[in-house]
Every structure is written in structure tokens, then in C-alpha cells.
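Below is one structure, written out as C-alpha cells, with a few remarks after it.
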Amino acid sequence: MTALNTSSVWTLLFAAVLLAGVMTRLYLTSRQIRHVARHRAVVPAAFAHTISLSAHQKAADYTLTKSRLGVLELAFGTVVLLGWTLLGGLDALNQSLLAWLGAGMGQQLALLAAFVVISSLLDLPFSLYQTFVVEQRFGFNKTTPSLWLQDLAKSTLVGSLLGLPVAALVLWLMGAAGNAWWLWAWGAWTGFSLLMLVLYPTVIAPLFNQFKPLEDETLKARVTALMQRCGFAAKGLFVMDGSKRSAHANAYFTGFGAAKRVVFFDTLLARLSPLEVDAVLAHELGHFKHKHIIKRMLGLFGLSLLGFALLGWLSGQVWFYTGLGVQPQLAGGANDALALLLFMLALPLFTFFVSPLMALSSRRDEFQADAFAVAQTSAQHLSAALLKLYEDNASTLTPDPLFVKFYYSHPSAAERLARMQAIALPGSVG
């Protein structure tokens, strides 16, 4: 098969996978919209005594609004993707920067930076609409325009300070480390990822939020006792001022090794009772007890190794560029930044169809963490906490079952609570 034929086949494959992905997403979203709208009028029987009709309808309306906005984002994103690739946008940007800067590391970094800036600007209207219209309409947004601009400036600065050196290192390895450059680049990326697990909670996150030590001594004693009972040690217990941006509530573990810390949103502590906080924390501890975090990290590193190996091969194939609307520099010029960008644009189209397997694995982990929490606290308190969080976050209680199987990283509320009741231990603590 000639290079021209291979390029054409690659173009057709790319277009076919893109079309299949768009149609699948539209089908799943339409199912979700119809299913949620059909069940909007009545609270499901399992929740009739705990969730009010108004809260149920608010969750349905919130889900429908986000789903319809998602359809517009999908249509716009598809047009943008075609614009970057088959319609020649990335090639035009690359040629313009070559004419201005000439070939070299500077031009390649400029190409990556320009792509990120343009993509961010194209996504900006949706981000603003989501925050200041959708979230505002449903009473979740607490962000002011001033705070939003501050966050944008900080994230841009942090992204540049961290991203550009890493990108420069990868580009240098692509040009200097021979055919096995992808292995060295994977090692660098893995090291950077591990470093971020340590730096994020202590250096980066505090740039955006305040983290104060948990001051409630009674709650602190309960939480500490629960962690000791579960064999978990943390660097500290912190409360984050999540309420200054959103009314959504959450709690999470962050950090790695000795830098692990427990973080509670202030909105969560204001909403849940101490016993319910225990149950939510026990769920998170369940993830560590079952080594879900380590398994996911190892899985991610393994998949990224395969990805770098694939990129290492594709970056040397002329058809990979020409089939996606880009003319590579065949006369000894560096195409490394182009290869990175084309790979990042094309890969999600193909991985989309295996995402249900990842979602299934994640839901199984959630069931395991729930079971651990029930054993350490009680099904009653975990159920009550989750229902409050579902209500406060306006999470629909009636998602479409197929949509759940394809997208949801957590089981639906009905599945989750039914499983908890089935495994509840008569002598549970709490």
C-alpha cells in the first residue's frame, strides 16, 4: 500500500470513528434526557420518605440543563476538532509559526502554547455559561467575576510554569534520545506525576483555596479514632473554603506517602452530622484499604506506557500527519510538537469506546468502599449522608441505566443504597 493510500485510509478511519463516537454520545444523551424527564414528576418509591418532590425536580432540571448544554458542547467540539485536523487549522498554525520563528525548539513550544491558548479561548464561552448561568440558576455558584478572573490568572501562571518545562523536556527527548525516546519520555512523565502528588496539596491547592486545620475537637477525635481503627495515618485534617466558589459539598484524600491529608469542604461539615461525616470518611478510607488508588495509578502508568510507545511509532509515519491534514517537515525538520498535538486530538476518539470498562471498574471500587464504610460505621449513616449529598449536589435519582453503564464512575443512588442495605452488618459500629 502506498503512502498516499495509507494516508487516505487513516483519514477515513479517523472520520468514521469520529462519526461513530458523536452518534453514540448523542444517542446516550438523548436516552438520559428522555429518561430523566419521564421520571421527573414522581420521587422514586425508594426515596419517597427522604427526598422531597421539589428537590427531586430540581435535580432532574439540573441534569436536563447540563445534558442539553453538553449536546451543544459536543457539536461545537466536533467542529473544532475537524477544524484543527482535516480542515487544516493545525497545519496553518504550524506554518505561520515556522515562517515567524523558524524551525527549532522555540517554534515547537510556541506551537504547543498557541494551541492551548486558542483551545482555551474557544472553550471559554461554555465555561462562563456553565458557571454564571447554569450553576447560578440552580443556586450553586458562589464565584464572583473577580474571583473567576483571579483563578484564571493563577491557573494560567501555574500551568505555564509547570507545563512548559515538561513539554520542553519531552520535545528534547523526542529529538535527542533516539528511537527509544518514548521510554525516556514516559519515565519523565511518570516522575512528574508522582512529584505532583506531593506538590499539589502543599503548594498548588493553597494558591486557590484556604486550608485550615479542623478545629472541632469532638469531630477531630472521632475522625482520628476512625482512621486509627482503619490503620490509616494522615499528615493532617483540613477544612477547605469550598463555599466561596460553589455550594457543592465533598471530602477527599490528597497527597502521597507522608504528605497524605484529609480535606473536608466547609459545605460538607455544615450539612452532615458527625456520624455521617464518619461514614463518608470511612468510604474514602475504603479506597485506601482496598488499594484502589495504587491500582488506578499503576493502571494509568501502564496505559500511558502503551500510549507513549504508540506515539513513538506514529510520530515516524508520514501518513499519520498527512491523513490528519498536516504536512510534516520531511527535509529533516522536527515534527515532534505536531505529533504530540495530533496524538492528543485523535486518541480520545478511540479510547471513548473502552471507557465503559473503566467506568465499570470504578463502580466496582465504589461498591467495595461502601461495603468497607458500612462495616466500620453503619449503612444507616452512610445512606443518610449520601442522600444529603445527592440532594445538595442536585444529582438525579433516575438516570438512564445505559447512560450509567457507559459514563458513571459511581453507581446510581438506587443501586448504591440497595447494595448497602443488603450488606449491612447487624453489629456495625457508630
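Binning the C-alpha pair distances of region 352-430 at 10 Å intervals from 0 yields a P(r) profile of 19, 46, 29, 6, 0 %, listed from the shortest bin outward. Under a Gaussian network description of the chain, with springs only between Cα atoms under 10 Å, the residue in Leu310, Leu237, Leu64 that fluctuates furthest is Leu310. The value obtained for region 46-85, namely the Cα convex hull volume divided by the number of residues, is 63 Å³ per residue. According to the calculation over all Cα-Cα pairs in region 178-302, the P(r) per 5 Å bin from zero is 2, 10, 18, 21, 18, 14, 8, 4, 3, 2, 1, 0 %. Computed from Cα atoms, the angle from the helix 413-423 axis to the main principal axis of the chain rounds to 50 degrees.
Result for the chain in a Gaussian network model with C-alpha springs under 10 Å: among Ala385, Ala414, Ala251, the largest mean-square fluctuation is at Ala414. Entry note, the chain: relative contact order of 24 percent, from Cα contacts under 8 Å with a spacing of 6+ residues. From the alpha carbon centroid of region 101-143 to that of region 245-315 is 25 Å.
Dividing the convex hull volume of the Cα atoms of region 122-245 by its residue count, what figure in Å³ per residue is obtained?
Details: hull volume 21.2 nm³, N = 124.
Looking at region 122-245, the number lands at 171 Å³ per residue.
Once the Cα atoms are used to define both axes, helix 181-199 deviates from the longest principal axis of the chain by about 30 degrees.
Here the convex hull built on the C-alpha positions of region 52-135 has a volume of 93 cubic angstrom per residue.
Using the alpha-carbon atoms, what tilt in degrees (0 to 90, nearest 10) does helix 292-314 show relative to the longest principal axis of the chain? Approximately 10 degrees, to the nearest 10. The convex hull defined by the C-alpha atoms of region 145-208 has an orientation-averaged projected area of 4.7 nm². For region 6-77, the alpha carbon positions stretch 62, 21, 16 Å along the principal axes, listed from largest to smallest.
Over all distinct Cα-Cα pairs of the chain, the Kirkwood formula returns a hydrodynamic radius of 24.3 Å.
Of all DSSP beta bridges in the chain, what percent run antiparallel (nearest 5)?
65
Going through the cross-link list Lys58/Lys388; Lys212/Lys244; Lys220/Lys388; Lys142/Lys220; Lys260/Lys289; Lys212/Lys295, which pairs have a Cα-Cα distance over 19 Å in this structure? The answer is Lys220/Lys388; Lys142/Lys220; Lys212/Lys295.
FYI, it's all coordinate maths here, none of it is from the lab. Small disclaimer: the values here were computed from a predicted structure and weren't measured.
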